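Report on one structure; see the data block that follows.
The values are calculated or read from the model by the stated rules, or taken from the named source; none is laboratory data. Model, not experiment: these values are computed from the prediction. Here the Cβ is made from the backbone with ideal geometry for all residues, glycine too, and neighbour counts use every protein chain on show.
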Amino acid sequence: MKKKELWLRIREYGFDNLVPPHLTDHVVALFGQHDASTYAFAAKLARKLGWTNSFAIRAIGEYKKFVFLGLTADFRVTPSKQVDQVWHEHLLFTKAYREFCDHVLRHDFDHHPELVPVDAQTEEFSAQYEATIRRYVAEFNVLPPRDIWGTPKFPLEVKRRDPREPRRVEYSSVGGGDSPLYASFAGSDGSHSGSFSEFGGGGGASGGGGGDSWGGGSDSSDGGSSSGDSGSSDGGGGSSCSSSCGGGGCGGGGD
């Protein structure tokens with residue numbers, strides 16, 4: 001699997017198949033010509049979860065990054081609570097989600113929620129979450145935004161250590177052996193500055209990027225961090241989930 005090609009397909013996915021054909025003109029009239037379906041999906045998330053529209057757009061961008069990680073990592077990835085809420089809402093559009101997997105991902109991307117809280121399983125989700133954060137840093141060469149990735153979906157008291165701890169991660173320590181995605185967008189001089197716009201979601205969903213610090217201080221004032229705990233979840237503080245591409249990760253194929 002070519003990472004760059006996969007990422008570009010995910011990045012350009014605009015949620016158009018969520019909109020019934022007879023409502024297309026109405027959605028465009030409400031949200032404008034550019035990426036109207038993505039903004040309509042963000043507005044639905046904002047209404048349901050008490051988020052601001054701008055936070056919802058950023059969360060969609062981070063969801064796209066999470067999906068990319070799930071398709072290229074050699075382990076099951078686990079999302080943050082906010083990313084999982086975007087995933088849940090996408091899954092509710094069952095036909096559109098199947099089409100997303102078939103035509104954009106070209107692979108199944110299954111959801112594995114926790115049925116009942118079991119300490120051993122919750123510990124496994126905790127380890128997967130930490131590994132997902134490390135993989136994020138390795139692939140995108142940037143720290144994930146704290147207001148979207150800082151709230152895990154498992155009890156904090158079970159967490160073995162702060163997943164923000166690995167601030168600098170060598171790609172080889174994550175596994176996979178192939179080149180990280182950000183290397184595919186390097187400039188002619190080998191630098192990667194200015195390439196982070198490649199890692200945003202559609203319709204301006206920049207996903208946070210380097211401006212969100214994981215090193216302490218206040219979270220974004222966007223309104224998503226405090227209100228993101230409301231709305232849909234797997235049902236309770238101990239609920240967790242992970243993904244697989246038909247059984248435990250798709251592996252990390254080519255660059």
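A few notes on this one:
- Of the listed requirements (1) modelled with pLDDT of 80 or more; (2) within 26 Å of Leu92 (Cβ to Cβ); (3) in contact with a Lys or Arg (Cβ under 9 Å, 6 or more places away or on another chain), Glu114 misses just one: (1).
- Options Thr78, Thr24; residue that is surrounded by fewer than 22 Cβ atoms within 10 Å (Cβ to Cβ), hydroxyl-bearing (Ser, Thr, Tyr) and either touching a residue at least 40 places away in the same chain (Cβ under 8 Å) or part of a helix (DSSP H, G or I) (or both): Thr24
- None of Phe31, Phe15 is under 18 Å from the mean Cα position of the chain (by Cα) and surrounded by 16 or more Cβ atoms within 10 Å (Cβ to Cβ) except Phe15.
- Any chance Thr52 is among the polar types (S, T, N, Q), within 22 Å of Lys3 (Cα to Cα) and touching a helix residue (DSSP H, G or I) at 6+ places or on another chain (Cβ under 7 Å): no
- Among (1) within 13 Å of the chain's Cα centre (by Cα); (2) more than 22 Å from Lys4 (Cα to Cα) - the single one Glu62 does not satisfy: (2)
- Failed criterion for Gly70 (all others in (1) surrounded by 16 or more Cβ atoms within 10 Å (Cβ to Cβ); (2) not in a helix (DSSP H, G or I) hold): (2)
- The single condition among (1) among the charged types (D, E, K, R); (2) at pLDDT 95 or above; (3) surrounded by 15 or more Cβ atoms within 10 Å (Cβ to Cβ); (4) farther than 18 Å from Gly70 by Cα that Arg146 does not satisfy is (2).
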